[in-house]
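A short worksheet on the structure shown next.
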Amino acid sequence: MVIFDRLSKQYIVGSMQEGMSIPVIKDIFHITYVLNPGAAFGIMENQRWFFIAIACALLLTAAFFYKKLLAQPKLLQTGVAIMAGGAVGNLIDRITIGKVVDFLDFRFWPVFNIADIAICVGAGLIVWTIWQEEQF
């Protein structure tokens, strides 16, 4: 996940100028290069060090509980791994350029990236697994 995120961002940064938008499906889906100084939807702009600390805390927590995590359902393990991969992808951006490279633009939603998808999917798998465990 981290590799796919990094390669896609490197391609965008290397082939587009910030603010440039390329329609893939006109008025529905564009590739739009933006630098996001905040979190999802641009909230908490310019809180770089806060987001670096949160990502590091998430990764350290996952590492600390690694052995306990191995005893958990595979879907939960997968969710944690995917979410951690997304956190690493955006963490690299925050450390190296101070902002996160976003480029997937569905026009009705804020622009996002592969790491954001991983964080959301991973969190969803974690919540789903916990919910399923509580149901039985």
Cα gyration tensor of the stretch 87-136, axes a ≥ b ≥ c as square roots of the eigenvalues: rounded (a/c below 1.5), prolate (a/b > b/c) or oblate? oblate
Within-13-Å neighbourhood charge of K99 [Cβ basis; K, R +1; D, E -1]: -1
Roughly how many percent of the accessible protein surface of the chain is carbon and sulfur, given a 1.4 Å probe and a whole-percent answer? 70
Given points 7 Å out from each Cα along the Cα-Cβ axis, report the W131 to A63 separation in nanometres with one decimal. 3.2
Could you list which residues have their amide H under 5 Å from that of I31, counting only those 5 or more apart in sequence or on another chain, with H placed in the peptide plane? I22, V24
Can you check how the C-alpha radius of gyration of the stretch 32-90 compares to 2.2 N^0.38 Å, as a plain ratio? 1.34
Report the Rg/Rh value for the stretch 1-76, based on alpha-carbon coordinates and the Kirkwood definition of Rh. 1.10
Karplus-derived 3J(HN,Hα) from phi for the stretch 39-52 (6.51 cos²θ - 1.76 cosθ + 1.60, θ = phi - 60°), whole Hz, x at Gly and Pro, runs 9, 3, 6, x, 5, 6, 4, 6, 10, 3, 5, 4, 5, 5
Residues other than V88 with Cβ under 11 Å of its Cβ, Lys/Arg counted +1 and Asp/Glu -1, net out at 0
Could you give each residue of the stretch 58-68 its phi-based ³J(HN,Hα) in whole Hz, using Karplus coefficients 6.51, -1.76, 1.60 with θ = phi - 60°, and x for Gly or Pro? 4, 5, 5, 5, 4, 5, 4, 9, 3, 5, 5
Using per-residue counts of other Cβ atoms within 10 Å, averaged over each peptide, order 110-116, 75-81, 1-7 from highest down. 110-116, 75-81, 1-7
Kindly report the accessible area of the chain per residue (heavy atoms of protein chains, probe 1.4 Å, no ligands, DNA or RNA), in Å². 63
Please work out which option in (1) 48, 29, 22; (2) 42, 32, 26; (3) 48, 31, 26 gives Cα extents along the principal axes in Å calculated from these coordinates, and answer with its label. (3)
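The values are calculated or read from the model by the stated rules, or taken from the named source; none is laboratory data. Keep in mind that what you see is a predicted model, and the values were worked out from it rather than measured. FYI the Cβ positions are ideal-geometry reconstructions off the backbone, even for glycines, and counts take in every protein chain you see. These area figures cover heavy atoms from the full protein model, side chains too; ligands, DNA and RNA do not enter into them. Shrake-Rupley method; radii C 1.70, N 1.55, O 1.52, S 1.80 Å.
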